[in-house]
Amino acid sequence: MNGTQVRPRPEGALPDGRRSASASEADRARGRRRRREALAAYLFLAPWFGGLLFITAGPLLTSLYLSFTDYSLIGGSQWIGLDNYTRMFTEDPRFLKALQNTTIYVFVSVPLQLAFALLLALVLDRGVRGLAIYRSVYYLPSLLGSSVAIAILWRKVFGDDGLVNHFLGLFGVDGRSWIGDPSTALGTLIVLNVWTFGSPMVIFLAGLRQIPVSYYEAAGIDGAGKVRQFFHITVPLLTPVIFFNLILQLIGAFQSFTQAFVVSGGNGSPSDSTLFYTMYVYTKGFNSFEMGYASAMAWFLVIIIACLTALNFLMSKYWVFYGDN
């Protein structure tokens, strides 16, 4: 041997390095097959891309443009720049009232809902009989909570002759129209949102089932009680699930519409105490036909939700603990 390395000849190659006709034909066949597979994939994805373009991205960009115009559903549009955004904070007290109501609703109902859902998940995690039945029953309010029928029922429950007043009457307490009183109307909607705890409860229950029992056994041997186990084992290991539920419920609460619309009769009564942000957007867009102004309010809501979500993600590194932390 003279020290040169003999390389294996590629399949289908001739001694002078050229490829045979059969090998070239095989490469072309493979190329055609890959192109057919890619074409089939794009055909299957075409409905999704069409929906993204014409149902999501198109209206989204259109509403962004309309937010800088004076546009109604009847006439044409006129570019007015930032006037709609300026008007929201300087000339529209109902906008500030709607923003205040929604903020109170979100920051009161979401923590209460998550706390109640976690409490009930802890009870169900103890291995009660008929767990699947209880889980389905408790999840049912989440399916019905945003429906018109439940909102109408809520008006009956908290009305003058409602179930709450009948219950208070058993103890000699005179009731009132909890829906019709500006000081309590928003509170009834908060109770309604807390009542729809089923969805986060099921997620909490799944998270609790992922915590190894050996952690609690070791803590029990070391003398840790149930309360200490909860705060030092359950809560830290459940923080990713708490964070996930917090983001979902926060976004959903800001978008609440049906409950307030039905309970208030569509006008935020009494005294705008149940005027939610989304309901005011609807009123301006489809009742007053100020579609440009409604688009500006909608985009401001997007900014609020995006900022709060980003803030939660930034703060999560200080209190959310994952398995590899």
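The values are calculated or read from the model by the stated rules, or taken from the named source; none is laboratory data. This one's a predicted model, so the numbers in the text were calculated from it and none came from an experiment. FYI the Cβ positions are ideal-geometry reconstructions off the backbone, even for glycines, and counts take in every protein chain you see.
Observations on the structure shown:
- Residue tally, condition in a helix (DSSP H, G or I), more than 14 Å from Val241 (Cβ to Cβ) and not aromatic (Phe, Trp, Tyr), over the stretch 198-215: 3
- For beta carbons closer than 7 Å, sequence separation of 6+ or different chains, a first residue in the stretch 205-234 that is surrounded by 14 or more Cβ atoms within 10 Å (Cβ to Cβ) and a second that is aromatic (Phe, Trp, Tyr) and assigned to a helix (DSSP H, G or I), the qualifying pairs are Gln229/Tyr216; Ile233/Tyr215; Ile233/Tyr216.
- Matching helices (runs of 4 or more DSSP H) fully within the stretch 143-197 where at least 1 residues are among the hydroxyl-bearing types (Ser, Thr, Tyr) and touching a Ser or Thr at 6+ places or on another chain (Cβ under 9 Å): 185-195
Residue by residue, here is whether (1) farther than 24 Å from Val202 by Cα; (2) of a type in the set (A, V, I, L, M); (3) touching a Cys at 6+ places or on another chain (Cβ under 9 Å); (4) not in a helix (DSSP H, G or I) holds:
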| residue | (1), (2), (3), (4) |
| --- | --- |
| Ile233 | no, yes, no, no |
| Pro236 | no, no, no, no |
| Leu246 | no, yes, no, no |
| Gln249 | no, no, no, no |
| Ala260 | yes, yes, no, no |
| Asn267 | yes, no, no, yes |
| Asp272 | yes, no, no, yes |
| Phe313 | no, no, no, no |
| Ser316 | no, no, no, no |
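- Residues being of a type in the set (D, E, K, R) and either in contact with a Lys or Arg (Cβ under 8 Å, 6 or more places away or on another chain) or exposed (fewer than 11 other Cβ atoms within 10 Å of the Cβ) (or both) - total across the stretch 160-189: 3
- Test: residue in the stretch 195-204 that is surrounded by fewer than 18 Cβ atoms within 10 Å (Cβ to Cβ), within 25 Å of Arg155 (Cα to Cα), of a type in the set (S, T, N, Q) and in contact (Cβ under 8 Å) with a residue 60 or more places away in the chain: no
- Against the conditions (1) more than 28 Å from Ile74 (Cα to Cα); (2) in a helix (DSSP H, G or I); (3) not hydrophobic (A, V, I, L, M, F, W, C), Tyr280 satisfies every one except (1).
- Residue in the stretch 125-135 that is surrounded by 10 or more Cβ atoms within 10 Å (Cβ to Cβ) and among the basic types (Lys, Arg) present: yes
- Cβ-Cβ contacts under 6 Å between residues 6 or more apart (or on different chains), taken from a first residue in the stretch 104-122 that is over 10 Å from Ala253 (Cα atoms) to a second residue that is outside any helix (DSSP H, G or I) and modelled with pLDDT under 95, are listed as Gln113/Phe197; Phe116/Phe197; Ala117/Phe197.
- When residues in the stretch 254-272 are screened for being buried (at least 22 other Cβ atoms within 10 Å of the Cβ) and either within 26 Å of Ala306 (Cα to Cα) or in contact with a His (Cβ under 9 Å, 6 or more places away or on another chain) (or both), 4 of them pass.
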